[in-house]
Each structure stands twice: as C-alpha cells, then as structure tokens.
Amino acid sequence: MKFTLKIILYGAIGFAAGYLILELLYGRNTDATLEVIYYWLSIVMIVLAAALLIYAFIRRRKLIKLTNDKNRTMNEDDFDVYSYNAFNIITVTTAVPLVLSLIALAIQTMAAENPWLVGFTIILLFISGFMNLQASALINIIYPDKDLPKPGDKKYNQKLLAASDEGELFIMTKALYSSWTLTSMLLFFAMIMMIFYSFVTDESQIFSIVIIGLIMIISQLKYSYEIREK
C-alpha cells in the first residue's frame, strides 16, 4: 500500500512538473487546448474511481463472507491480520474515489460541455459517498464483540478512542502524526507549485494559495492546542 501511494504521489508530481516544463519550453497553451487536457484528465479520474469502487465492493463482500464463515481455514490470529489489512484497503479504495469524483465533477462543470457526463459523475460521487459510509460500518461487522460506535454517532471519535486498547491507540497516534506531517509537507509544496503555475501561465491562484495557507495555519494551531499540557 505504501508503494502504491508513493507511485501515485510521484506520478502526480511528475505530471505537474512535466506540464510546467512544457509551458516554459513551448509557450502558453490556448484555452481550447487546456480544456481538452482537463476533459481527458477528468475521464481518467472517473475511470480510476469506478475501478477502485468495483475493487472495494469485491473486497468488502469477501471480507464479510469470511467474517461470517465459521468454518474458515484461517486461524484467529491470521484472520485478525487479514481483516485489519482488508479494512484499511477498503477504506482507502472508497475514500480515494470520493475525492477523484469530486475533482472530476469540478472539471466537468467548469471545463466541459457534456451534461450526460456531468450527471454520471454526480451519480459516481453519491455512490462513492455511500460506499465510504459502508466501509466505515465494516469495523462493527469485523469486531462485533467490541463496544464500537456506529458511523454518524455525534461522539464517534471519543467512543472509538475509549473502546481502543493501548496498543491500538499507539498505532493510531503514530499513523495520525505521520499523516499530519505528510499533509503539511504536501500543502506547502502545493503552495509553491501554485505560485510557480501562476507565474508561468498568468492564471492567478491567489485564492487557492490563501485557502491552503489558512488550512496549514489552522491545522498547526489545532495540533498545538491538543498537545498542550493541561
């Protein structure tokens, strides 16, 4: 999974870097050319989102089937590892399509003129959201003996932490800190890329830069507030 995420990250960075280099070498693209690029980019996102949702649906059915199978060949320790990793994979493969379909919808509504494709993307967005909620509910199916909160519970985070043991809390804390650090770094580089993009194409990204900057500041303030000594 880490290897896959690295490939996606490097691919995105490579695409952005290559695009900017082409802009510098061959001049600014026309609006029509950019619309074509954005259009096909949205198509790629839609196809990828649909493929991930199909994969997530298959993995979810398999996981539920194994969970309910009292005669499975796996021992309990192996099944715990399998179910834990499967749950993480299903969570990722339903969360990513949600973001991809939202980006594709933004592109379709602003850069394309195909109402049927916009409608399809909206449907895909709702399916992604539904499957994302279904993925969150899997934890109650996998661990029926634990007093875990249901998705949508107003105090979901507090109840989830209360139901977790020290080992699970350590893993979650380590993972969340790593994710927060990575997110902060990516947002910082995103700001740099937007500044460079604005300079190269003369298309102002000031609003996006300001929003990302505010997110970084609020995130840092929230983190500092939560870890303060009480």
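Taking residues in the stretch 197-220 that are in the same structural domain as Thr181 (by the TED database) and among the small types (Gly, Ala, Ser), and partners anywhere that are at pLDDT below 85 and open to solvent by 80 Å² or more (accessible area, probe 1.4 Å), the pairs with Cβ atoms closer than 6 Å and at least 6 places apart or on different chains are Ser198/Ser204. With respect to (1) surrounded by fewer than 17 Cβ atoms within 10 Å (Cβ to Cβ); (2) closer than 24 Å to Met172 by Cβ, the lone exception for Ile37 is condition (2). Restricting attention to the stretch 97-145 and to residues that are β-branched (Val, Ile, Thr) and either within 19 Å of Tyr84 (Cβ to Cβ) or touching a strand residue (DSSP E or B) at 6+ places or on another chain (Cβ under 6 Å) (or both), the residue that is surrounded by the fewest Cβ atoms within 10 Å (Cβ to Cβ) turns out to be Ile141.
Remark: pairs (first residue in the stretch 95-124, under 15 Å from Ile43 (Cβ atoms); second residue open to solvent by 80 Å² or more (accessible area, probe 1.4 Å) and at pLDDT 85 or above; Cβ separation under 8 Å; 6+ apart in sequence or on different chains) = Pro97/Leu48; Leu100/Leu48. For the stretch 177-230, the set of residues classified as at pLDDT below 80, closer than 30 Å to Tyr84 by Cβ and assigned to a helix (DSSP H, G or I) consists of Tyr223, Glu226, listed by residue number. Of all residue pairs spaced 6 or more apart or on separate chains, those with beta-carbon atoms under 7 Å, a first member in the stretch 177-194 that is under 15 Å from Phe207 (Cα atoms) and a second member that is among the hydroxyl-bearing types (Ser, Thr, Tyr) are Met194/Ser208. Answer yes or no: is there a residue in the stretch 84-95 that is part of a helix (DSSP H, G or I) and more than 18 Å from Leu133 (Cβ to Cβ). Yes, some residue in the stretch 84-95 is part of a helix (DSSP H, G or I) and more than 18 Å from Leu133 (Cβ to Cβ). Only residues that are touching a residue at least 24 places away in the same chain (Cβ under 8 Å) and closer than 13 Å to Ile89 by Cβ were counted across the stretch 54-71, and they come to 7. For the stretch 170-213, filtered to residues that are in contact with a helix residue (DSSP H, G or I) (Cβ under 7 Å, 6 or more places away or on another chain) and closer than 20 Å to Ile227 by Cα, the residue that is most open to solvent (accessible area, probe 1.4 Å) is Trp180.
The values are calculated or read from the model by the stated rules, or taken from the named source; none is laboratory data. Everything numeric in this text was worked out from a predicted model, so none of it was measured. With ideal geometry, Cβ positions are generated from the backbone for all residues, glycine too; neighbour counts draw on all protein chains shown. Side chains included, ligands, DNA and RNA excluded: accessible areas come from the protein's heavy atoms. Shrake-Rupley method; radii C 1.70, N 1.55, O 1.52, S 1.80 Å.
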